[in-house]
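Trainee: The following block contains the structure, expressed as structure tokens.
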Amino acid sequence: TLFDKLIVQPFYGNYPVPQRKIVILIDALDDATIDGKNELASLISATFDHTPDWLRLIITSRPSPEVMAPLRAYSPFVIDVTDPRNNDDIRAYLGRELGLAKGKVRPEQVDAIAEKSGGLFLYAEWIVAELRRGRLSLDRLDEFPKGLAGIYLKWCERQFPDMKEWENYVAPALDIIAAAQEPLSLDMLATIFKWNTRDKRKFQHELGTLFSFDHGIQPFHKSLMDWLTDEAKQDPYFVDACEGNRLLAELLWHEYKYG
């Protein structure tokens, strides 16, 4: 009803027809999935055909069934990380950002970094940032991590060098963040663990740039939480969503019992 009243009806009223196509971009639609349902994908499927022809939609998403099923009437354009065009784009990006035209980086160095990226732009972006910070050097390409898993491991090793601190303080909080159905506020986390203001500031500092705190605590990229919760990996930086669910259940049961 809201979509009809606020979008469809005004467009078919006295709304001036633009001289060009208008495109709306919805990025990462799969992030709107809650409890196995993606209401936004269902809404788009049911209502977007009612909008004018000059209004177009571009959606990006992982190929999750909660998104693919409602939008099955449409043919998705699959972005394949092994597509030569994708790799060409990564090489072009690296060449521009690292100064290939100015001779600051050699073509073979760009090729080596692109090879390590596994076709992932997020990797290329991180490498550029680390080179600018001086944490990586083009003279030591063998030290570059391979793929996102390598990036996240290096990041965690630098951010959480004290394993006792990780196990007792950081990991339990991340367990709950991984289990939560929506981003939790820092205050909610402080209530669960009985943190004071100093503890909250410490936790925010501990996570560094890995997580944002603007609209609840969220990983800077969904792949980070995928990596942290991967039981198959052998490094010590594991986050247990099942344990997080247990802690949340205990909290909610306590709240229920005491009104």
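Trainee: Using the Karplus equation 6.51 cos²θ - 1.76 cosθ + 1.60 (θ = phi - 60°), what ³J(HN,Hα) coupling, rounded to whole Hz, does each residue of the range 175-181 give in order, writing x for Gly and Pro?
Mentor: 3J(HN,Hα) across the range 175-181, in whole Hz: 4, 6, 4, 5, 7, 4, 7.
Trainee: Further question: Indicate, rounded to the nearest 5 percent, the antiparallel portion of the DSSP beta bridges found entirely in the chain.
Mentor: Given both bridge residues lie in the chain, the antiparallel proportion sits at roughly 35 percent.
Trainee: While we're on this one: In the range 153-259, carbon and sulfur make up what percent of the accessible area (probe 1.4 Å)?
Mentor: Carbon and sulfur atoms account for 51 percent of the accessible area of the range 153-259.
Trainee: Are there any trypsin sites (Lys or Arg not before Pro) in the range 221-252 that are in a DSSP loop and have at most 16 other Cβ atoms within 10 Å? List them by number.
Mentor: Filter output for the range 221-252: K233.
Trainee: Report the extension gain between D235 and R135 in nm, rounded to one decimal, defined as 0.36 nm multiplied by the number of residues separating them, less their alpha carbon distance.
Mentor: Roughly 33.8 nm would be gained on extension.
Trainee: Tell me which residues come under 5 Å, amide H to amide H, from A180 once H is placed; ignore anything under 5 positions away on its chain.
Mentor: none
Trainee: Need one word for the range 98-152: rounded, prolate or oblate. Basis is the Cα gyration tensor (sqrt eigenvalues a ≥ b ≥ c); a/c below 1.5 gives rounded, then a/b vs b/c decides.
Mentor: Verdict is prolate for the range 98-152.
Trainee: Now for a separate question. Amide H to amide H under 5 Å from S212: which residues, 5+ apart in sequence or cross-chain, H placed 1.01 Å off N in plane?
Mentor: Close amide H contacts, sequence-distant or interchain: Q218, F220.
Trainee: Right, here's the next one. Which of the trypsin sites (Lys or Arg not before Pro) found in the range 132-171 are loop residues per DSSP with 13 or fewer other Cβ atoms within 10 Å of their Cβ?
Mentor: Sparse-neighbourhood loop trypsin sites (Lys or Arg not before Pro): R135, K146.
Trainee: Given the whole protein assembly as supplied and a 1.4 Å probe, what does the accessible area of I44 come to in Å², nearest 10?
Mentor: I44 has an accessible surface of roughly 20 Å² with all protein chains in place.
Trainee: Using a Förster radius of 22 Å, what is the FRET efficiency between E250 and M163 based on their Cβ-Cβ separation? Nearest 0.05, please.
Mentor: Approximately 0.30, to the nearest 0.05.
Trainee: Considering only protein heavy atoms, what is the solvent-accessible area of H205 at a probe of 1.4 Å, reported in Å² to the nearest 10?
Mentor: 140
Trainee: Please identify every one of the chymotrypsin sites (Phe, Trp or Tyr not before Pro) in the range 1-53 that sits in a loop by DSSP and has no more than 16 other beta carbons within 10 Å of its own beta carbon.
Mentor: Y12
Trainee: Tabulate in residue order the Karplus-calculated ³J(HN,Hα) for the range 69-86, using 6.51 cos²θ - 1.76 cosθ + 1.60 with θ = phi - 60°, rounded to whole Hz; enter x for Gly and Pro.
Mentor: Taking θ as phi minus 60°, the curve returns 5, x, 9, 5, 5, 9, 9, x, 8, 7, 8, 9, 5, 8, 4, x, 5, 5 Hz for the range 69-86.
Trainee: Would you give the gap between the C-alpha center of the range 82-141 and the C-alpha center of the range 3-36, rounded to a whole Å?
Mentor: The range 82-141 and the range 3-36 have Cα centres separated by 36 Å.
Trainee: Can you give the Rg/Rh ratio of the range 25-142, where Rg is from the C-alpha atoms and Rh is the Kirkwood radius?
Mentor: Computed over Cα atoms, the ratio is 1.13.
Trainee: Using only the heavy atoms of the protein chains and a 1.4 Å probe, how would I58, I79 rank by accessible area, largest first?
Mentor: These residues rank, largest area first, as I79, I58.
Trainee: Still on this structure, I have one more. Which whole-number percentage describes the relative contact order of the range 5-74, with Cα contacts under 8 Å and a sequence gap of 6 or more?
Mentor: With pairs under 8 Å counted, the relative contact order is 43 percent.
Trainee: How would you classify the chain from its alpha-carbon gyration tensor, with a ≥ b ≥ c the square roots of the eigenvalues: rounded for a/c under 1.5, else prolate if a/b is greater than b/c, otherwise oblate?
Mentor: It comes out oblate by the Cα gyration axes.
Trainee: Right, another one. Step through the residues of the range 31-43 one at a time and calculate ³J(HN,Hα) from phi using the Karplus curve (6.51 cos²θ - 1.76 cosθ + 1.60, θ = phi - 60°), rounding each to whole Hz and writing x for Gly and Pro.
Mentor: 5, 8, 6, 9, 6, x, 10, 10, 5, 5, 4, 5, 4
Trainee: Would you mind working out the accessible area per residue for the range 67-124, using a 1.4 Å probe, and quoting it in Å²?
Mentor: 64
The values are calculated or read from the model by the stated rules, or taken from the named source; none is laboratory data. Quantities reported herein were computed from a predicted structural model and do not represent experimental measurements. Because the Cβ atoms are built from the backbone with ideal geometry, glycine has one as well, and the counts that use them run over all protein chains shown. Side chains included, ligands, DNA and RNA excluded: accessible areas come from the protein's heavy atoms. Shrake-Rupley method; radii C 1.70, N 1.55, O 1.52, S 1.80 Å.
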